[in-house]
1. Scanning region 182-194 for residues that are free of Cβ contacts under 8 Å to residues at least 60 places away in the same chain and in contact with a helix residue (DSSP H, G or I) (Cβ under 7 Å, 6 or more places away or on another chain), which turns out nearest to the ligand (Cβ to nearest atom)?
2. From ILE108, ILE125, which residue is over 21 Å from ALA81 (Cβ atoms), outside the structural domain of THR301 (by TED's automatic domain parsing) and of a type in the set (Val, Ile, Thr)?
3. Kindly list the number of the only condition in (1) surrounded by fewer than 18 Cβ atoms within 10 Å (Cβ to Cβ); (2) in a loop (DSSP other than H, G, I, E, B) that fails for SER172.
4. Restricting to region 118-130, give me the number of residues that are in a loop (DSSP other than H, G, I, E, B) and within 22 Å of the chain's Cα centre (by Cα).
5. State whether the residues of region 72-81 include one that is under 30 Å from SER171 (Cα atoms) and crowded, with 18+ Cβ neighbours inside 10 Å.
6. Out of curiosity, is ILE187 in the same structural domain as ASN311 (by TED's automatic domain parsing) and either surrounded by fewer than 18 Cβ atoms within 10 Å (Cβ to Cβ) or acidic (Asp, Glu) (or both)?
7. Suppose the filter is small (Gly, Ala, Ser), assigned by TED's automatic domain parsing to the domain that holds TRP178 and either within 16 Å of the ligand (Cβ to nearest atom) or part of a loop (DSSP other than H, G, I, E, B) (or both); does ALA115 pass it?
Amino acid sequence: MPSSTDLNRPQKSISFSQRVVQWHHQHGRKNLPWQQTTGAEKPYHVWLSEIMLQQTQVIKVIEYFDRFISAFPTLNDLAAADEQQVLALWSGLGYYNRARNLHKAARICVDQHQATLPRDLDQLIALPGIGRSTAAAIMSLAYNQPEPIMDGNVKRVFARYFLVDGEPNKSSTLKQLWQLAEAHREIDEPAAYTQGLMDLGATLCSKTKPRCDVCPITESCLAKAKGVIADYPQKKRKVKQVEVDLFVVLSVDQQHVALELRNEHSIWPSLWFPPVFADKDSLLATHPNAKKHFSLTHKLTHRILQIHVFNVAQVVNHPEIKWVNIEKLEQYPHPKALNHILNQHDNH
Ligand code: SF4
């Protein structure tokens with residue numbers, strides 16, 4: 001029991017990082033699959049989760065992470081895999097360069113770092129697909145080193161808490177955010193701090209409905225104090241999405257679909273998709289009996305695809321065509337657009 005003298009004494013002020021650490025111990029996420037790994041493969045599992053989480057919600061990542069780790073439990077297994085196997089397990093997650101880089105980096109680790117992820121920030125950053133924040137997350141979560149992170153969620157927390165002006169990805173703003181992150185390192189419990197910051201950004205300090213009422217740093221949050229939370233982080237001007245028409249020949253029977261492996265310089269490099277033409281005339285020139293079936297809209301980050309699907313009995317003039325069993329489609333890495341096309345096809 002505290003004595004009455006203790007109660008009258010002013011509370012010892014605790015730092016920003018300590019508040020986040022305390023909150024993490026009480027409320028942070030501790031049951032995610034990659035948090036359960038111990039031992040030599042922990043850095044690999046943390047790295048994989050960080051790469052998957054870059055553009056994807058936790059709930060979806062959990063499913064993909066488990067499948068990926070079952071297929072490639074160790075970094076050595078990933079390095080030994082074929083790129084097509086890796087992409088097949090990534091199918092549907094999007095941003096496939098993440099998977100290609102992961103695979104390349106695993107091979108470099110086997111060749112140059114005794115099949116482990118280096119325990120060094122600069123060596124991590126030198127690997128394909130690992131930026132400064134991902135490297136720092138690996139250093140702190142896997143190796144418990146006090147390296148500050150600055151991912152999308154943390155940028156939002158810092159921009160609001162410290163009232164940082166400017167669009168967060170602009171170099172001058174980013175520089176300021178990194179300086180603040182450096183100045184608020186957590187030395188005693190770096191892993192708990194990093195996880196806590198990520199969780200706080202993802203669950204409390206959300207884009208549209210921040211839960212300031214239960215936030216552990218609410219008392220000193222500048223955006224909260226000034227009532228300007230909705231204005232931070234400041235917005236970037238919207239990039240206009242370009243519309244692109246794709247003309248696709250679809251050849252299916254009850255069980256199969258004709259697909260080709262797309263070249264390195266196309267949309268969806270190294271993924272399987274029905275043959276695509278840039279315009280209707282060139283499609284009809286090679287497939288004069290093609291019949292327009294339906295059109296659909298498919299959105300990517302910077303492009304809105306208008307996909308015009310033509311039925312053909314047989315695809316011609318494509319040496320790379322494979323007649324793929326639709327039930328085994330997941331063995332052929334493919335973009336989500338293919339699933340949309342096949343669903344629409346079934347509904348017609
Ligand atoms: S007080 Fe509100 S705006 Fe400030 S960091 Fe917490 S949740 Fe975000």
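1. THR194
2. Only one candidate qualifies: ILE125.
3. The number of the failed condition is (2).
4. Result for region 118-130: 6.
5. Looking through region 72-81, none of the residues is under 30 Å from SER171 (Cα atoms) and crowded, with 18+ Cβ neighbours inside 10 Å.
6. no
7. Considered against the rule, which asks whether it is small (Gly, Ala, Ser), assigned by TED's automatic domain parsing to the domain that holds TRP178 and either within 16 Å of the ligand (Cβ to nearest atom) or part of a loop (DSSP other than H, G, I, E, B) (or both), ALA115 comes out as yes.
For every residue, the table says whether it meets (1) more than 23 Å from LYS299 (Cβ to Cβ); (2) within 26 Å of the chain's Cα centre (by Cα); (3) more than 10 Å from the ligand (Cβ to nearest atom); (4) surrounded by fewer than 19 Cβ atoms within 10 Å (Cβ to Cβ).
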| position | (1), (2), (3), (4) |
| --- | --- |
| GLY196 | yes, yes, yes, no |
| LEU204 | yes, yes, no, no |
| LYS209 | yes, yes, no, yes |
| ALA230 | yes, yes, no, yes |
| LYS235 | no, yes, yes, yes |
| VAL239 | no, yes, yes, yes |
| GLU243 | no, yes, yes, yes |
| ASP253 | yes, no, yes, yes |
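The values are calculated or read from the model by the stated rules, or taken from the named source; none is laboratory data. All values reported here derive from a predicted model rather than from experimental measurement. Note that we place each Cβ from the backbone using ideal geometry, even for glycine, and neighbour counts take in every protein chain shown.
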